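Reading through the structure tokens given below for one structure.
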Amino acid sequence: MKLIVTGATGFVGSEVVRQALRNPFVTSVAVIARKAVPVPPNEDASKLKSFVLDDWTSDYPDSLIEHIKGADACIWSLAVTPSQSRSMDFAQVTTICHDYTINGIQNMIKAANKPFRFVYVSGVLTERDQSKVLPSLGEYRHLRGRTENCLLDIAKENSPNVQVTVTKPGAIDAPSVKETSDAMLKSLFNMFGYTPRVHVSELAAAMIDQCQNGITKDPLWSDELATIGKRVLKEEDYL
Ligand SMILES: NC(=O)c1ccc[n+]([C@@H]2O[C@H](COP(=O)([O-])OP(=O)(O)OC[C@H]3O[C@@H](n4cnc5c(N)ncnc54)[C@H](OP(=O)(O)O)[C@@H]3O)[C@@H](O)[C@H]2O)c1
């Protein structure tokens, strides 16, 4: 499987890359980023091919189309997180979260194998129903939901050649991560009566599994991702 990864310098994307490099089923990891992507420590980087892209809203250049040609799947973990979005101009957040993603999948479809599986990393707080009134972070949560809707429409229009699922983790755990101190996020998580959570290694394993073995459902919530991730991490000894 040739796997495209975006957001590879980030918290989620770097774990996806680390696991993909170890996964014998993954033959090639084609990263697209705005800067050079460091090789994860102690990993064999021979399968890792990076492309640095400056303009994410235009047709991909031929050299990038060549880079992603024959891809079987993409894990898109590039985005502005809710906390980051609050200090940014919303037009810029929209461009990065929505326009980059939709332009990305449309360009990838031109170069990818069929079926092409696209796993979009979103979050538990995003809202697909654009008419729903949201008390906090509404603009951002609707934006991310709108991107999910658009991706699912693209999958429908291109069915069965393009398959999409959206992962909706809540808090993502890792040894290096402390419980969020963001009061707004904490209060939003309180809506659920608990904080939905998944470990970053389970999340990455579950998403690679969806690419490898087929998309099982949309969306995938924290507990579902944790279940799939735990099964994969238990079954596979290369992790
Ligand atoms: N972290 C969590 O606890 C959590 C929880 C639930 C959902 N999520 C979702 O998971 C996804 C990934 O989050 P994360 O925690 O991995 O975020 P992160 O660590 O901030 O990583 C974001 C990635 O997006 C890239 N990116 C951001 N702006 C960009 C731009 N203008 N051009 C090109 N690349 C850009 C970053 O690249 P640079 O390194 O070049 O900036 C980085 O690779 C997001 O959709 C987020 O909402 C995260």
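Values in this text are rule-based calculations from the coordinates and carry no lab data. This one's a predicted model, so the numbers in the text were calculated from it and none came from an experiment. Reconstructed Cβ throughout: ideal geometry from the backbone, glycine too, with neighbour counts over all protein chains shown.
Hey, what number do you get for the chain at 222 nm if only DSSP H runs of n ≥ 4 count, each worth -39500 (n - 2.57), divided across all residues, to the nearest 500?
Counting only the DSSP helices, I get -12000 deg cm²/dmol.
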Taking the Cα centre of each part, how many Å lie between segment 197-227 and segment 68-84?
15
About the Cα centre of the chain, how large is the charge dipole given +1 on each Lys and Arg Cβ and -1 on each Asp and Glu Cβ? Please answer in debye to the nearest 20.
180
Would you tally the net charge around residue 155, using a Cβ to Cβ cut-off of less than 12 Å, leaving residue 155 out, and scoring K and R as +1, D and E as -1?
-2
Calculate how large, on average over all directions, the projected area of the Cα convex hull of the chain is; give the answer in nm² to one decimal.
12.6
Neighbour net charge for residue 116 - beta-carbon separation under 11 angstrom, K R +1, D E -1:
+3
Taking 26 Å as the cut-off for C-alpha to C-alpha distance, list the pairs among 69/234; 49/110; 114/156; 49/178; 110/217; 47/234 that go past it.
69/234; 49/178
Summed residue charge, Cβ within 14 Å of residue 4's Cβ, Lys/Arg positive, Asp/Glu negative:
+4
Specify which residue in the list 88, 142, 101 is farthest towards the positive end of the charge dipole of the chain, using unit charges on the beta carbon of Lys, Arg (+1) and Asp, Glu (-1), about the Cα centre.
142
Quick one: dipole size for segment 185-239, taken about the Cα centre, charges +1 on Lys/Arg Cβ and -1 on Asp/Glu Cβ, in debye to the nearest 20.
260
